[in-house]
1. Does Thr52 count as part of a helix (DSSP H, G or I) and either modelled with pLDDT of 90 or more or within 15 Å of the chain's Cα centre (by Cα) (or both)?
2. Residue pairs, Cβ under 9 Å, 6 or more apart or interchain, first in region 9-24 and among the charged types (D, E, K, R), second surrounded by 13 or more Cβ atoms within 10 Å (Cβ to Cβ) and not in a loop (DSSP other than H, G, I, E, B). List them.
3. Please go through (1) hydrophobic (A, V, I, L, M, F, W, C); (2) within 30 Å of Pro8 (Cα to Cα); (3) modelled with pLDDT of 75 or more for Ala44 and return the number of the only condition it doesn't satisfy.
Amino acid sequence: MTQVFNWPSLLSAGLGGLRLNPDEFWAMTPYEFQLLIGHTRTFAPLNRRRLTELVEKYPDQTEEGKND
């Protein structure tokens with residue numbers, strides 16, 4: 001599933017509402033930003049099984065050994 005970001009709203013909230021400077025805004029992870037604006041939904045920690053699933057689904061290299 002592809003995540004779609006509403007950049008105008010995010011920039012408005014970060015730079016306008018929270019008064020972050022651009023360097024602070026762009027240095028944050030999406031999760032850090034969500035916490036800052038009050039979206040505190042928590043996620044289970046990444047475990048070995050889930051990591052393996054993600055590696056299999058999104059490999060770093062193709063079968064030919066070339067980077068995607």
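The values are calculated or read from the model by the stated rules, or taken from the named source; none is laboratory data. In this text, all values refer to a predicted model and were calculated from it rather than measured experimentally. Backbone-built Cβ (ideal geometry, glycine too); neighbour counts: all protein chains shown.
1. On the way: part of a helix (DSSP H, G or I): yes; either modelled with pLDDT of 90 or more or within 15 Å of the chain's Cα centre (by Cα) (or both): yes.
Answer is yes for this residue.
2. So the pair list comes out as Glu24/Gly14.
3. (3) is the only condition that Ala44 fails.
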